[in-house]
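J.: My questions will all concern the structure given below.
The values are calculated or read from the model by the stated rules, or taken from the named source; none is laboratory data. Note that the structure is predicted; figures quoted are calculated from it, not measured. Positions of Cβ are generated from backbone atoms using ideal geometry, with glycine treated the same way; all protein chains shown enter the neighbour counts.
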Amino acid sequence: MRVAIGGSSGLLGTALSRRLVAGGHEVVRLVRGDVTGSGQRRWDPDAGRIDGPGLDDVDAVVNLSGAPIAGARWTKDRKVEIRRSRITSTLTIVTSLAPGGRCQRLLNASAIGYYGNTGTEIVDESMPVGRGFLAEVVADWEAAAAHSPVPTAVLRTGHVLAREGGYLALQWPIFALGLGGRVGNGRQFLSWISLADHVRAMEFLLASDLTGPVNLVGPNPVSNAEFTRAFGRHLHRPTPMPLPLTAVGAIFGREFVTDALLASQRIRPARLLDAGFEFEHPRVTKALAALG
C-alpha cells in the first residue's frame, strides 16, 4: 500500500510512517518546506495545493495536520489559527481526491474535544456535538472532511501517551522533579491512548471499511487524580502539588483551562471494539510501564 501522510513530522505522523515502512508499505510524506528526499512531496494547505502528481498515485491518505492546542496563549488570532490549520489542510486533501481514482481511503484527524464536557457519563460515537471552542472547531473540522469523495474515517483522538510528545511532553519533567499533581479537584475523566495503540489503530483502520467517527481512546478512562497517582508511581515521585490553574490561565487563557484541562470526558472506543480491535495497553498503568 502507498500512503500519503499530512502532518508526517509530528508525533503521530512520525510513528505511523515508521510502522508502515516497517510493515512493507510505502509512505509519501507531505511537507510544507523544501523537498529533501524521494519520499516527500510539497504541499501548501493555505493555498490548497499539493505538488504533482497530487494524490493520484497513492492508495490511502492519513491527514494529521493541525496547530497544537497548547502551543500558545488562546488569543483571538491563535484560536483562528487552531481552526484554520485544521480546515485548510483537510479541504486541501479532500479536494485533491477523485471518486474513481486510485486512492479510496482517507483517515482524517479529529479529537474527542467534539463532545465537550460530558461529566461522568460514558460516551461513544453516537453522542452529539458538545459546547465550547474545541467542540466547535472539531465539528467544523469533521464537516470539512465530510466533503471527501472517498470512504473516510475521522479519528476522534484522546490524550496520547508518549515520552516524546503528546499529553506527557510538558508534564514529564515536572513530575520527574516531584512537583506534579492533579488538575483542579482531579475528578474530571481523562480519556487517553498509548502512542503504540493509536498507531496500531490507524493501521487497522487503513485496512478496514469503517467510515465516520471513530474514537481513538483506550477502553479504560481514568480520573485525573487516578492518572496523577499512576504517573507519580511510575516515576517513583510524590504528586503533592495541584497544578496552579491561575498561573496556567495567565499563560494560556482562562478558556484553555476550562476547555482543555477541566473538561471531563469519559469516552468509550465503541466502534473500534465492535470491529475487533484489541488494545495492547488497555489500562493506564500498562501504557505508562511501556514508556520505560
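J.: Condition first: touching a residue at least 24 places away in the same chain (Cβ under 8 Å), out of contact with any Gly (no Cβ under 9 Å at 6 or more places or on another chain) and surrounded by fewer than 19 Cβ atoms within 10 Å (Cβ to Cβ). Now tell me which residues in the stretch 273-284 satisfy that.
T.: Restricting attention to the stretch 273-284, the residues satisfying the condition of being touching a residue at least 24 places away in the same chain (Cβ under 8 Å) are 273, 275, 277, 279-284.
Checking which are out of contact with any Gly (no Cβ under 9 Å at 6 or more places or on another chain) leaves us with 273, 275, 277, 280.
If the condition is that a residue be touching a residue at least 24 places away in the same chain (Cβ under 8 Å), out of contact with any Gly (no Cβ under 9 Å at 6 or more places or on another chain) and surrounded by fewer than 19 Cβ atoms within 10 Å (Cβ to Cβ), then Leu273, Ala275, Glu280 are the ones that fit.
J.: Considering every residue within the stretch 86-93, establish whether at least one is of a type in the set (Lys, Arg), buried (at least 21 other Cβ atoms within 10 Å of the Cβ), touching a residue at least 12 places away in the same chain (Cβ under 8 Å) and not in a loop (DSSP other than H, G, I, E, B). Steps first, answer last, please.
T.: So the first thing to find is which residues in the stretch 86-93 are of a type in the set (Lys, Arg), and the list is 86.
Narrowing further to those that are buried (at least 21 other Cβ atoms within 10 Å of the Cβ): 86.
Keeping just the survivors that are touching a residue at least 12 places away in the same chain (Cβ under 8 Å) gives 86.
Now restrict to residues that are not in a loop (DSSP other than H, G, I, E, B): 86.
Yes, the stretch 86-93 contains at least one residue that is of a type in the set (Lys, Arg), buried (at least 21 other Cβ atoms within 10 Å of the Cβ), touching a residue at least 12 places away in the same chain (Cβ under 8 Å) and not in a loop (DSSP other than H, G, I, E, B).
J.: With respect to the numbered conditions (1) outside any loop (DSSP other than H, G, I, E, B); (2) within 20 Å of the chain's Cα centre (by Cα), which one is the sole condition not fulfilled by Val248?
T.: (2)
J.: Something else now. From (1) surrounded by 14 or more Cβ atoms within 10 Å (Cβ to Cβ); (2) within 18 Å of Ala230 (Cα to Cα); (3) of a type outside the set (A, V, I, L, M), pick out the condition that doesn't hold for Glu142.
T.: (2)
J.: Return yes when Arg182 is under 23 Å from Ser89 (Cβ atoms), of a type in the set (Lys, Arg) and surrounded by 15 or more Cβ atoms within 10 Å (Cβ to Cβ) and no when it is not. So that I can check it myself, show each step before the final result.
T.: Numbers: under 23 Å from Ser89 (Cβ atoms): no; of a type in the set (Lys, Arg): yes; surrounded by 15 or more Cβ atoms within 10 Å (Cβ to Cβ): yes.
For Arg182, the condition - under 23 Å from Ser89 (Cβ atoms), of a type in the set (Lys, Arg) and surrounded by 15 or more Cβ atoms within 10 Å (Cβ to Cβ) - is not met.
J.: Output the qualifying pairs, or none if there are none: Cβ atoms under 7 angstrom, residues six or more apart or on different chains, first residue in the stretch 131-143 and part of a helix (DSSP H, G or I) and modelled with pLDDT of 95 or more, second residue basic (Lys, Arg) and surrounded by fewer than 23 Cβ atoms within 10 Å (Cβ to Cβ).
T.: Partner pairs satisfying both residue conditions: Phe133/Lys79; Val137/Arg83; Asp140/Arg83.
J.: If you don't mind, another one. Among the residues of the stretch 23-30, are any under 16 Å from the mean Cα position of the chain (by Cα), surrounded by 14 or more Cβ atoms within 10 Å (Cβ to Cβ) and either at positive phi or assigned to a loop (DSSP other than H, G, I, E, B) (or both)? Full working, then the answer.
T.: Narrowing the stretch 23-30 to residues under 16 Å from the mean Cα position of the chain (by Cα): none.
Looking for residues that are under 16 Å from the mean Cα position of the chain (by Cα), surrounded by 14 or more Cβ atoms within 10 Å (Cβ to Cβ) and either at positive phi or assigned to a loop (DSSP other than H, G, I, E, B) (or both), one finds none in the stretch 23-30, hence no.
J.: Anything in the stretch 176-228 that is touching a strand residue (DSSP E or B) at 6+ places or on another chain (Cβ under 7 Å), hydrophobic (A, V, I, L, M, F, W, C), within 25 Å of Ala144 (Cα to Cα) and not in a strand (DSSP E or B)? List them, or say none.
T.: Once the filter is applied, which keeps residues that are touching a strand residue (DSSP E or B) at 6+ places or on another chain (Cβ under 7 Å), hydrophobic (A, V, I, L, M, F, W, C), within 25 Å of Ala144 (Cα to Cα) and not in a strand (DSSP E or B), the stretch 176-228 yields Ala201, Met202, Leu205, Leu206, Leu210, Val217.
J.: Oh, and also: Would you call Ala287 in contact with a strand residue (DSSP E or B) (Cβ under 9 Å, 6 or more places away or on another chain), of a type in the set (A, V, I, L, M, F, W, C) and without any contact (Cβ under 8 Å) to a residue 60 or more places away in the chain?
T.: Working: in contact with a strand residue (DSSP E or B) (Cβ under 9 Å, 6 or more places away or on another chain): yes; of a type in the set (A, V, I, L, M, F, W, C): yes; without any contact (Cβ under 8 Å) to a residue 60 or more places away in the chain: no.
No; evaluated as a whole, the condition is false for this residue.
J.: Follow-up question, since we're still on this one. Would you mention how many residues in the stretch 43-77 are surrounded by fewer than 18 Cβ atoms within 10 Å (Cβ to Cβ), without any contact (Cβ under 8 Å) to a residue 60 or more places away in the chain and over 14 Å from Ala144 (Cα atoms)?
T.: 15
J.: Could you grab me the full set of residues in the stretch 33-73 that are under 20 Å from the mean Cα position of the chain (by Cα), in a loop (DSSP other than H, G, I, E, B) and within 27 Å of Leu170 (Cα to Cα)?
T.: Taking the stretch 33-73 as the starting set, the residues that turn out to be under 20 Å from the mean Cα position of the chain (by Cα) are 45, 60-73.
Cutting the leftovers down to in a loop (DSSP other than H, G, I, E, B) gives us 45, 64-73.
Those that are under 20 Å from the mean Cα position of the chain (by Cα), in a loop (DSSP other than H, G, I, E, B) and within 27 Å of Leu170 (Cα to Cα): Leu64, Ser65, Gly66, Ala67, Pro68, Ile69, Ala70, Gly71, Ala72, Arg73.
J.: Follow-up. Give all pairs with beta carbons closer than 6 Å in which a residue from the stretch 231-259 that is closer than 18 Å to Pro173 by Cβ meets a residue that is of a type in the set (A, V, I, L, M); count only pairs at least 6 apart in sequence or on separate chains.
T.: His234/Leu288; Leu235/Ala176; Met241/Leu179; Leu243/Val183; Val248/Val257
J.: Still on this model: What are the pairs, 6+ residues apart or on separate chains, where a residue within the stretch 194-210 that is in contact (Cβ under 8 Å) with a residue 24 or more places away in the chain and farther than 18 Å from Pro221 by Cβ has its Cβ under 6 Å from a residue that is in a helix (DSSP H, G or I) and not acidic (Asp, Glu)?
T.: Cβ pairs passing all conditions: Val199/Ala15; Val199/Leu16; Val199/Arg19; Met202/Leu16.
J.: Taking the conditions exactly as written (part of a helix (DSSP H, G or I), farther than 18 Å from Leu179 by Cβ, acidic (Asp, Glu) and modelled with pLDDT of 95 or more), does Glu280 satisfy them or not? Even if it seems obvious, please write down each step before you answer.
T.: Values: part of a helix (DSSP H, G or I): no; farther than 18 Å from Leu179 by Cβ: yes; acidic (Asp, Glu): yes; modelled with pLDDT of 95 or more: yes.
In short, no.
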